[in-house]
Every structure is written in structure tokens, then in C-alpha cells.
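The values are calculated or read from the model by the stated rules, or taken from the named source; none is laboratory data. Remember, it's a predicted structure, so these values are computed and weren't measured experimentally. Virtual Cβ from ideal backbone geometry, glycine too; neighbours counted across all protein chains shown. Protein only, heavy atoms only, side chains kept; ligands, DNA and RNA dropped before computing areas. Shrake-Rupley method; radii C 1.70, N 1.55, O 1.52, S 1.80 Å.
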Amino acid sequence: MSVSAVFVLDLKGKVLICRNYKGDVDMAEIDHFLPLLMQQEEDGLLSPVLLHGTVHFLWIKHSNLYLVATTNKNSNASLVYAFLYKLVEVFTEYFKELEEESIQDNFVVVYELLDELMDFGFPQTTDGKILQEYITQEGTKLEVAKSKVPTTVTNAVSWRSEGIKYKKNEVFIDVIESINVLVNANGSVMSSDIVGSIKLKTMLSGMPELRLGLNDRVLFALTGRDKGKTVTMEDVKFHQCVRLSRFESDRTISFIPPDGESELMSYRINTHVKPLIWIESVIEKFSHSRVEIMVKAKGQFKKQSVANNVEVKIPVPSDADSPKFKTSTGHAKYVPEKNLVVWTIKSFPGGKEFLMRAHFGLPSVENDELEGRPPITVNFEIPYFTVSGIQVRYMKIIEKSGYQALPWVRYITQSGDYQLRTNT
């Protein structure tokens, strides 16, 4: 990766704080960053990588700050950006809000963090919880902590401290899937996929080894088992604690978990998804003086499941007024600043149908008929259900003291980018 220096700038390009890691790029080069950025913005050619001579500026913007890394080598750009976003994450953990004021108020802590996060242009300890063990915001604690560096910094397991103890050993596993669906005005699904993540909350003593088993189609094919439903996961991304070599050889997800909450893995399943909540809408205009909208929502999932906190967002003409609503369940409200009707249903059982009617007045002036209508969007969450059928088959917890631990598994399906286009 090899970054030469990292800068934090304000919106005017003034350097708030910087750290020179290699000394092979002149620190004055940063003066060219903002003029280059402004020039590209004017030309409509804005790029995440800017070049001045032999120096590359790799940058991100967060709040009212620019975070910029400089290099004159052929560095791995994706790793540099991963580091810059990690920098934002760590600073946010420390200061709650990352902005110009929080950098100015915490110069000492920021310098310490920049020293620990990277060494000679290569990322080092980037876990916020571990950094908080020995870089604190109280000066007195800081001096005491410095006398003894946590073993996690020199340990092979840098994401977990030693000597953790719990009275009750438990691990909570959340399998969360988001559905992305785009349906055209004729009712055909144009695109759909599932983006999933497995999140852990571990409260385990010592240094346990965990093994997670899923109904992974590749694993079942390797072992010659093809009973039951299996899933094919794509774009799998793991937390650093997972032993990748073990996964690649026999598809076993084996790891020593971080303490507390973490995302173990994320995945994507590219499959045809039937919309779980189907929306039909009819819009009638009467002599350009009023408009009536009828929306029917149907739950196309198992009857024993229930969708919670369902929100159907229906776009309405920008000049609509005098709203009146009638709903078979839930309640509807008009949000004029967003030109939307939001129909909220607290509890939506599978297989049920509900209706909502909205009546709006329109000004007598004829509106432009060619104006495109945004799609209807739906938000929802269905607990105890995964649309892909992914299952946690087992969770083995092995620790040298031999204690018994309880794994708890919860499944949640929620809406991602869920859009249904309508006829104008």
C-alpha cells in the first residue's frame, strides 16, 4: 500500500493536522490539492485520485473535512481508501462527531492515533476498541497506559484482548438480509438481489475458537451432501478474524471473535426475488381539479410471518393540496416537503391485503403532463425469516477451560432499495 503522508484539511484547503510517514514526498505538495479539485469540479471531471507531477492525491470528504493521502508509488488505491474510511470510523468512535472542531479540540489524541494507525506508510492497529485501551482522552490515564502496551498490539490476535471474563458465556448471531428490488410499471421484476450480513455480539471468556456452519452449497458439494435447501453466496467479505486459508480449503468459517459487537461477514445472493410486499396503485385525475390515488398492498410471504413497521411512500403531484385519506389499516400522512404520502402499517401479516385511498385537490392551472413520477418505495422488517433460506446449522465454541456457552440465532429480512415504478 505504502502511503507517504496523511492530511486532514478544512473545506478551504487549510491543513488542520498531518503526519509524514516516509518523507519521500514534499509536504508542500498538499497546496496543489484544492486548486486541482476546484478545477476538476468546474470541468465536471471530478475524480477520486488527483495527480500533480509524480504525486497522487487520494482523497475522501467527510462532513466539513477532506482526508487526503499522498503517494508517489503505484500504491493499491482500494487499500488506501479502506484506510481513509477506517480513519473516519476510529475518529468517530473517539469524538462522536468528526468535523473541523473535533480535530482542533483533540490535536494530541489525533496525533497519537495517526502514529498508531499507520507505520512507515502501512496500516497497523486499526481496531478502535484496542486503541482505546492505551490511547485515551484523559491525560492522566494516557501516561499510565503508556507504561504498559496492551498485548493485543504485539499479539497475533490484535482484535481481542486477553483475560476477558464473563459470568455467563453467550454469543448472539444476527443474520440480516436486505432485499433490493426494482419492479417496472407493468409489474415485471427488472432487477433483484439479496445483500446479507452476519453480525455477532460475543460475551465469551478467555480466547475461544468459534466454528460457524451454514447451509453453503459449495460446502455441501465438497462433502457430497445435497439434502435440504442450500444457498450460493457471492462477494463474500469476512472480518479480519476469520481464517481465510481454512475457508478456502474446506469452507469452514473458523475464528477467534472480537469481544462485543462486530460484523463477521457480508455476502450477496444474485437471485430472482419475488417482491415480499406487492403494491398496486391507480391514479385518477378529474378535470385537473382533483386527483384520487388508490393503493393496494399485499403481503406475499408466509402467513405465519409478520412484517413490522411497514412504510409505503407514494409520490404525489408537487402542486397537490387539501389531502384526505381513508385506510383499511394503519394511518397515512402527507409530507408536502417531499411530495409524498407515507402510509404506515405497524403490523402486516403474510397473505393479507390492505387498501389506502387518498384524495387531493389540484390548482386549476394545468400541470405539465410530461413530468416523470418517482417510483413507490417500501420499507419493512420481517423477523424470524430469511428470503434466501440461509441457515446457521451450528456454532461450535471451543475454549481451553472447557466452559459451556449458549449461541442464540436471530433471522431478520428487511427492505433495501425496494422500488415499484408506476404508470404516470
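At full extension, residue 38 and residue 406 could sit 126.9 nm farther apart than now, given 0.36 nm per residue minus the alpha carbon distance. Distance between the 7 Å Cα→Cβ label points at residue 392 and residue 274: 2.8 nm. For a straight C-alpha distance cut-off of 12 angstrom, the aspartates and glutamates reachable from residue 22 (same-chain residues fewer than eight places away being disregarded) are 119.
Note down the Stokes-Einstein diffusion coefficient of region 24-86 in µm²/s, whole number, using a Kirkwood radius over alpha carbon pairs, 20 °C, and 1.002 mPa s. Result for D is 175 µm²/s. Can you list the residues of region 262-303 with backbone N under 15 Å from a point 7 Å past the Cα of residue 324, pointing along Cα to Cβ? What the label zone holds, given the 15 Å backbone N cut-off, is 286, 289-294. Between residue 63 and residue 78, residue separation times 0.36 nm minus the direct Cα-Cα distance comes to 3.3 nm. Rounded to the nearest 20, the Cβ-based charge dipole of the chain about its Cα centre (Lys and Arg +1, Asp and Glu -1) stands at 2560 debye.
State the percentage of accessible surface on the chain attributable to carbon and sulfur atoms; use a 1.4 Å probe and exclude ligands, DNA and RNA.
Values: 11170 of 22230 Å².
After summing per-atom areas, the C and S share lands at 50 percent.
Could you rank the peptides 232-239, 382-389, 44-51 by their average count of other C-beta atoms within 10 Å per residue, with the highest value first? Kindly include the intermediate steps, with their values, before the conclusion.
On the way: 232-239: 13.9, 382-389: 17.4, 44-51: 11.4.
Packing proxy ranking, top to bottom: 382-389, 232-239, 44-51.
Each residue of region 250-262 is assigned a 3J(HN,Hα), and the resulting list reads 9, 6, 8, 8, 10, 6, 9, x, x, 6, x, 8, 7 Hz, derived from the Karplus form 6.51 cos²θ - 1.76 cosθ + 1.60 (θ = phi - 60°), x at Gly and Pro. How fast does region 193-322 diffuse by Stokes-Einstein, in µm²/s, taking the Kirkwood radius from C-alpha pairs at 20 °C and 1.002 mPa s? In µm²/s, the coefficient rounds to 111. Hey, in the GNM for the chain with a 10 angstrom Cα cutoff, which one of 15, 392, 181 fluctuates hardest? Per the Cα network of the chain with a 10 Å cutoff, 15 tops the list. Among beta bridges identified by DSSP and lying wholly in the chain, the antiparallel ones come to about 90 percent.
Each of 390, 67, 103 was scored by the projection of its Cα onto the charge dipole of the chain, and the greatest displacement toward the positive side belongs to 390; charges sit on the C-beta of Lys, Arg, Asp and Glu. Our summary of shape: the Cα atoms of region 299-424 have principal axis extents of 78, 27, 22 Å, ordered from largest down, in whole angstrom. Working note: Debye formula, equal point scatterers on the alpha-carbon atoms of region 271-357, no solvent; log10 I(q)/I(0) at q = 0.23, 0.26 Å⁻¹ is -1.14, -1.35. Diffusion coefficient of the chain by Stokes-Einstein, Kirkwood radius over Cα pairs, 10 °C, 1.306 mPa s: 62 µm²/s. Between 115, 319, 259, the residue with the greatest mean-square fluctuation in the GNM of the chain (Cα pairs under 10 Å linked by springs) is 319.
Working from Cα pairs under 8 Å separated by at least six residues, relative contact order for the chain is 15 percent.
Solvent-accessible surface of the chain, taken per residue with a 1.4 Å probe and all protein chains present: 52 Å².
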